[in-house]
Amino acid sequence: MEEVTALPGWLEKFRAGDDVFAHAWDSAGAEDRALLKTAIAWHFHRWGISDASELCERRSPREGFCTRVSTQPVDWVLAILSPGFSSPARLLATLVPALIAGVAHPAVLSVGEPAGSVAAALELAGIEDLFITDVRQAGRLAGELQDRRIAGRLILFPWTGNDSADDDVSELFRSLGKKMRAYSDSPRPSLLITEQPSGISHAELNARLLWLHPDARILDNRHEAQSPDAVYGVSPCSTGTPLSASMLFGSGMEACWTGPSPDFFRARRCAAFLTMEDEA
């Protein structure tokens, strides 16, 4: 595959300045940053490092075939943030697996000023290619990357507002998603608080979750029948936790979420050949 060494030069004028990251860092409290650091560490713990390029060959002259399968990180990842998107937890759950897979420089395009919590998450994850632009430029960049005919992934972080720009981003995503592999975050998650963690009040836990998922609906035990997306405050010995929830997180893991696996950000190529029994 062709190696991508840099993003298009015209994009540089849209690059977020250091002041965006500095302000985001200052506005996020030490506790908030600690939660995000825990989430980043957990993603690496969950998936391990998988950034190596691999080549596997199976040769059988008796059967008459030779098959080679190569695997390597995709050449580019482009994440588009809709106006108002502000969930650092879901951002990390989607982009950290790209880093784990070996994608060197995921590009993040924010349509409008990015939320401080999102910029802080990018800073902590070491993702520096943040650009503040509009839908037109986002479409231009995606089109140029696609035209290179190299492996890439398109990511969309939609939001729940009624902004026309958000509708434009969604339409752009639907159009491009027909031509390349794409992933979209799911907004408005339902989060259930069960047991009360020691050392933190219910109000504090509620506020913590809403900083990490501002569009979330926070439930409590009275709403167990409503199929939450994730359950928080779970202890290792918990019983009676709703089986419908696919994510259960203990105290201190509030910034954790699940997204695509690193495998989504890797490209595979299969090559097959005929061979003869008398070949060495």
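Each value in this text was obtained by applying a stated rule to the coordinates, not by laboratory testing. Given the structure is predicted, the values throughout are model-derived calculations rather than measurements. Note that each Cβ is placed from the backbone with ideal geometry, even for glycine, and that neighbours are counted across all protein chains shown.
Under a Cβ-Cβ cut-off of 15 Å, what is the net charge of the residues other than Asp26 that fall near it, where Lys and Arg count +1 and Asp and Glu count -1?
Numbers: positive: Arg33; negative: Asp18, Asp19, Glu31, Asp32, Glu123.
With Lys, Arg at +1 and Asp, Glu at -1, the neighbours total -4.
For region 27-151, what mean projected area does the convex hull of the alpha carbons give, in nm²? Please list the in-between numbers first.
Working: hull surface 39.3 nm².
Seen from a random direction, the Cα hull of region 27-151 projects 9.8 nm² on average.
Exposure proxy ranking for Phe273, Phe264, based on other Cβ atoms within 10 angstrom of each Cβ and starting from the fewest, stands as Phe273, Phe264.
Spin-label model, Ile150 to His202: label points 7 Å out along the Cα-to-beta-carbon direction sit 5.4 nm apart.
Counting charges near Gly9 (Lys, Arg +1; Asp, Glu -1) among other residues having Cβ under 14 Å from its Cβ returns a value of 0. Less than 5 angstrom separates the built amide H of Val103 from none of the residues sequence-distant by 5 or more or on a different chain.
Annotation: peptides 28-36, 80-88, 150-158, ranked by per-residue average of other Cβ atoms within 10 Å with the highest first, follow the order 80-88, 150-158, 28-36.
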